[in-house]
Structure formats: C-alpha cells, structure tokens
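The values are calculated or read from the model by the stated rules, or taken from the named source; none is laboratory data. Note that the coordinates shown come from a computational prediction; the quantities given were computed from them, not determined experimentally. Please note: Cβ atoms are built from the backbone with ideal geometry, for glycine as well, and neighbour counts cover all protein chains shown. Just so you know, the surface numbers come from the protein's heavy atoms only, side chains and all, with ligands and any DNA or RNA stripped out. Shrake-Rupley method; radii C 1.70, N 1.55, O 1.52, S 1.80 Å.
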Amino acid sequence: MPGRVLIIDPIATNRILLKVRLAASNYRVLQASALSEGVSLAGSAMPDLIVIDHNLIAADVTALGDLTDAHPCPIVVLTPPEGLVARAQMLAAGAADCLQKPINDALLLARLRSLMRFETTRRETGLRDDTSRALGLAEDGVGFAPQSHVSVVTATPAQSQNWARQLRRETSAQVSAHSLDDVLDFGEGDAVPDLFLLALSDDEEPLNLQAITELRSRAATRSAAIIAVTPQDAPVTAAMALDLGADDVTSCPFDAAEVGLRITTQLRHKHRADHLRATVQHGLQAAVTDPLTGLSNRRYALAHLKQIAERAAAEGAPYAVMILDIDRFKLVNDSYGHAAGDRVLRALSSCLSDNLRSVDMVARLGGEEFVIALPDTGEAEARIVAERLRQLVCDMPVVIDAKTTLRVSVSIGLTIALPEATDCTDPTDLLEQADTALYGAKDNGRNQVIMSPNAA
C-alpha cells in the first residue's frame, strides 16, 4: 500500500537509513531535519503519515499539535530504548504510536501498513459522512461518549483479573476479564465488548495469533477494536498481529498507564467508525425511502420486484402487481393546497401499509401513484385484495383541519404473473401491463379495479 511518508529527524544518517527501508516498500519519502521544516512540508506536501524523532519534541510535546494543525494524519514517534515514560507522554499528546529504537524493520513496516489502512478508511468514510451531511442525510453525533466495555483476555484468570484491576484506574471504560473461550462464544445478540485486549503468546498455546483471526472472522466481534500485548522482544509477533487485524500492539512488561492511553485512542476510533457506519446505513436507507410517506421509493420497488419475480420463477408460484392512482388528486392540491395533498398521501400510505401482509410490498412510484406486489398470489386472491383496498380508501376520512375532512378514491390496475407464463415475469413488463390497466380504470370512470388484458 504505497503512501507518502514524512520523516523528521535531525540526524542525516537516520533519515537516509529510514528512507532506504521505506523506499524498498514503495513508499514515497519526504525528509525534514527540523521541526519547523517538517511543519511546513506537512502543510504543503500533505503526507499520509509522519515519522518524527523523539528528541525533536521531547522538550515540548505540544509540538505534535503543530504538525496536526498543518495537516492531520497519523504521527509515529521514534522513542529511545526503555522509554516507557516517553511513550506515555507522546501517546497522551496525540501520537498514533511510538516505536522503540533501534527500529525493527518488520514491525515498522507492519505498523505503517496498519496506520495507512486506518487513515485511508478514515478519509473515505469521512468524505461519505460529509456528503451525507451536505445532503441532509446525516445526523450530528451525540455530545457525549457512550459507555465502553473492554475485555481483558490473557492465558490465566489471575493475570486477566490483575490487568483488569489495574486498567480500571486508567480508563473510564468498563473493564472485565474473560477467557478466550468466553470471547469466542459471543453471538450477534450478545453485549459484545467494544475492545479486546489480548495477551498473546509466541508459542503453541491457544492464546496466540490465531485468536485475532478468529475475532476478525466472526460477525459478532468483527467490528470490535483489538489491542495485542506481545511478549517482550517479539517484534515479529507484533508485526504479524498488525497484519492479521489488530488495531494496535504493545509489548510486555505490562504498563497499565500506557495501555490505558492506547485503549482510549482505540475506543475513540471505534466509536467514530460505528458512527460513520451508521451514517452510511442511514444514507442507504434514505436512498430507497420516500421521505414524505415513509414507504419504499421507485428505486427500491423495481429492485424488489425483480427479486419477487426470480423467486416466483424458481418456486413456480404466481404473484400479482397492482398500480394505484389517487383520483382527481390535482383538484385536492388546487382546492386545499399542497399541505392538504401531503396529508392525503400520508393517510393513503398508512391505509395501504396497515392492510397488507408483511411479505407484500407497497411503494410510492412518484406523485400520487403507488405500486403493490403480492407474492404467492393468484388472480382470484389479487382481485379480492384490490377491491378491499379500494373500498378501504373510499371509507377513509382525511382530516385536513378542524373544519375540513376529505374523502378520496383510487383507481387500480392489476396484473398477474403465472409460473407457466415465463414471458410475463419481467417486472418492467408487468408494471407496463398494470399501468395500462390503470388507464383503463381511469377512462371507465375511476374508483374501480381493472385487470390487465395481457395478464397471464
């Protein structure tokens, strides 16, 4: 996954060595020897990721903010050996990760790949969120973070309980201890933790890298964040954990303060991803829903009719399609205003929805025209349903205001697709047949049901 990486390091030899490592993996590398130069490059070149030496910001960690102000992207800080305090400071100041010098090539590249994937996803989903918001399809996020749940999974119950106890002092999330079998038993209906902290082994014990694969492959836990705690001096295990789907890694000895910071960061990312996922889902729902009536719209109706046709053909079952049109609807709008017309449309939508089976489809095609599909329904049953709906609409009062109540009627065109008539199972053809029958109902005086003469 090629990307643009900005290296900020005052020592030329360090920059050159790091550039060679990254260029070998097809990263495009930018270099700066001072923080001010790095800030300028970040603003102009817009890198995908920044790698900075700890010495440049050790005296003032708020300098990380200058970089993100110039261009927001993940920042990796290269810290000195045994730099537990330095790592915690950098993570608290907003660094995406800290890698300890001397740098392990496998771990460095795996971490860059992981952060690049995250950044690409963040930008893409952020763009969709912005578009949905511009279209009025997205809602503003809530002003408070939801209560999060963290599950600590280690090789022994005693260790899990010990780590969980320490972490409760470092994070506001609910922290509990689980065994590997516990977390693999979570189902989609269960209260699945937001984040799993996995203490991995580098041998054949059950709690190894395979645990990450299992969590990522299961529907219930697929979206949970994962932080892997690897054995000390096991960079290859850490690199593999990232490539298998861990969101973050750290190593033993266990440091509750550092892990607490990593948990806070990953939970923030996780809740942001959940929000964006919900926004996309909301946008998809809005794309197939008529905003006035709440019914499905024409786009959804055509796709659903195709599904009904394919299933009917496979099962050898008939189905019915009808188109309804409100009689003299223009007169309602002209006499009482469009607000009254909207009330009529909503009342009709509710009437149709409340008097059809859950398996039936009702959608607004546009204007005052609606389509209904009845799976597993022959001609006799369809006629009964159509006549019943027509009469219900006639008997339906529509309250416009305290002094005005309207009554409307509908004309209905009906057609049937029979299993033996393979040439009549195209939804488009059936809609045309029903539409032709609808015009016949209009021409014959309205407020009636007409069966298509082409119905098979």
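With respect to the stated conditions, Glu258 is among the acidic types (Asp, Glu) and under 23 Å from Arg165 (Cβ atoms). Screening the stretch 1-87 for strands (runs of 3 or more DSSP E) wholly inside it with 1 or more residues that are under 17 Å from Asn104 (Cβ atoms) and acidic (Asp, Glu) returns the ranges 49-53. The set of residues in the stretch 154-183 that are closer than 14 Å to Ile263 by Cβ and open to solvent by less than 40 Å² (accessible area, probe 1.4 Å) comprises Trp163, Ala164, Leu167, Thr171, Ala173, Val175, Ser176. Yes or no: Ile412 among the β-branched types (Val, Ile, Thr) and under 26 Å from Thr289 (Cβ atoms)? It is true that Ile412 is among the β-branched types (Val, Ile, Thr) and under 26 Å from Thr289 (Cβ atoms).
Can you pull out the residues in the stretch 18-45 that are of a type in the set (S, T, N, Q) and within 34 Å of the chain's Cα centre (by Cα)?
Ser25, Asn26, Ser44
Flag not set for Arg383, criterion: open to solvent by 20 Å² or more (accessible area, probe 1.4 Å), free of Cβ contacts under 8 Å to residues at least 60 places away in the same chain, more than 38 Å from the chain's Cα centre (by Cα) and over 23 Å from Lys330 (Cα atoms). Note on the stretch 207-233: residues that are part of a strand (DSSP E or B) and among the hydroxyl-bearing types (Ser, Thr, Tyr) amount to 1. Within the set Leu345, Leu331, Leu324, Leu352, the sole residue that is in contact with a Phe, Trp or Tyr (Cβ under 7 Å, 6 or more places away or on another chain) and free of Cβ contacts under 8 Å to residues at least 60 places away in the same chain turns out to be Leu352.
Can you find a residue that is assigned to a loop (DSSP other than H, G, I, E, B) and either aromatic (Phe, Trp, Tyr) or modelled with pLDDT of 85 or more (or both) anywhere in the stretch 104-124? First the steps, then the outcome.
Residues of the stretch 104-124 that are assigned to a loop (DSSP other than H, G, I, E, B), as a first pass: 104.
Now drop any that are not either aromatic (Phe, Trp, Tyr) or modelled with pLDDT of 85 or more (or both), which leaves 104.
Taking every residue of the stretch 104-124 in turn, at least one turns out to be assigned to a loop (DSSP other than H, G, I, E, B) and either aromatic (Phe, Trp, Tyr) or modelled with pLDDT of 85 or more (or both).
Considering the conditions (1) crowded, with 21+ Cβ neighbours inside 10 Å; (2) under 21 Å from Leu242 (Cβ atoms); (3) touching a helix residue (DSSP H, G or I) at 6+ places or on another chain (Cβ under 6 Å); (4) not polar (S, T, N, Q), Ala106 is excluded by exactly one of them, (1). The set of residues in the stretch 1-15 that are free of Cβ contacts under 8 Å to residues at least 40 places away in the same chain and surrounded by 14 or more Cβ atoms within 10 Å (Cβ to Cβ) comprises Asn14, Arg15. Ala92 fulfils the conditions (1) open to solvent by less than 40 Å² (accessible area, probe 1.4 Å); (2) closer than 23 Å to Thr265 by Cα; (3) part of a helix (DSSP H, G or I); (4) in contact (Cβ under 8 Å) with a residue 60 or more places away in the chain except for a single criterion, (1).
Being over 30 Å from Val85 (Cα atoms), modelled with pLDDT under 85 and out of contact with any Cys (no Cβ under 9 Å at 6 or more places or on another chain) holds for only one residue in Leu184, Leu276, and it is Leu276. Evaluating Asp233 against the criteria (1) in contact with a Ser or Thr (Cβ under 7 Å, 6 or more places away or on another chain); (2) of a type outside the set (Phe, Trp, Tyr); (3) free of Cβ contacts under 8 Å to residues at least 60 places away in the same chain; (4) open to solvent by 60 Å² or more (accessible area, probe 1.4 Å) leaves one unmet condition, (1). Note down all Cβ pairs under 8 Å where the first residue falls in the stretch 401-416 and is within 30 Å of Glu432 (Cα to Cα) and open to solvent by 10 Å² or more (accessible area, probe 1.4 Å), the second is assigned to a strand (DSSP E or B) and at pLDDT 95 or above, and they're at least six residues apart or on different chains. Cβ pairs passing all conditions: Val408/Ile326; Ser409/Ile326. If I ask for residues that are among the small types (Gly, Ala, Ser) and in contact with a Ser or Thr (Cβ under 7 Å, 6 or more places away or on another chain), which ones from the stretch 173-194 would you list? Answer for the stretch 173-194, where residues must be among the small types (Gly, Ala, Ser) and in contact with a Ser or Thr (Cβ under 7 Å, 6 or more places away or on another chain): Ala173, Ser176, Ala177.
For first residues located in the stretch 95-112 and within 12 Å of Leu22 (Cα to Cα), partners that are at pLDDT 90 or above and aromatic (Phe, Trp, Tyr) and lie 6+ apart or on another chain with Cβ distances below 8 Å form the pairs Leu112/Tyr27. Looking at Thr377, Thr428, Thr404, just one residue is β-branched (Val, Ile, Thr) and within 21 Å of Arg299 (Cβ to Cβ), and that residue is Thr428.
Can you work out which of the residues in the stretch 40-60 that are farther than 22 Å from Leu112 by Cβ and of a type outside the set (S, T, N, Q) is surrounded by the most Cβ atoms within 10 Å (Cβ to Cβ)?
Ala58
Kindly indicate whether Asp243 is among the acidic types (Asp, Glu) and over 24 Å from Leu99 (Cα atoms). In short, no.
Yes or no, residue by residue, for (1) touching a Pro at 6+ places or on another chain (Cβ under 9 Å); (2) within 29 Å of Gly316 (Cα to Cα); (3) at pLDDT below 95; (4) part of a loop (DSSP other than H, G, I, E, B):
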position: Phe370; (1), (2), (3), (4): no, yes, no, no
position: Arg388; (1), (2), (3), (4): no, yes, no, no
position: Leu392; (1), (2), (3), (4): no, no, no, no
position: Thr405; (1), (2), (3), (4): yes, no, yes, no
position: Gly440; (1), (2), (3), (4): yes, no, yes, no
position: Gly445; (1), (2), (3), (4): no, no, yes, yes
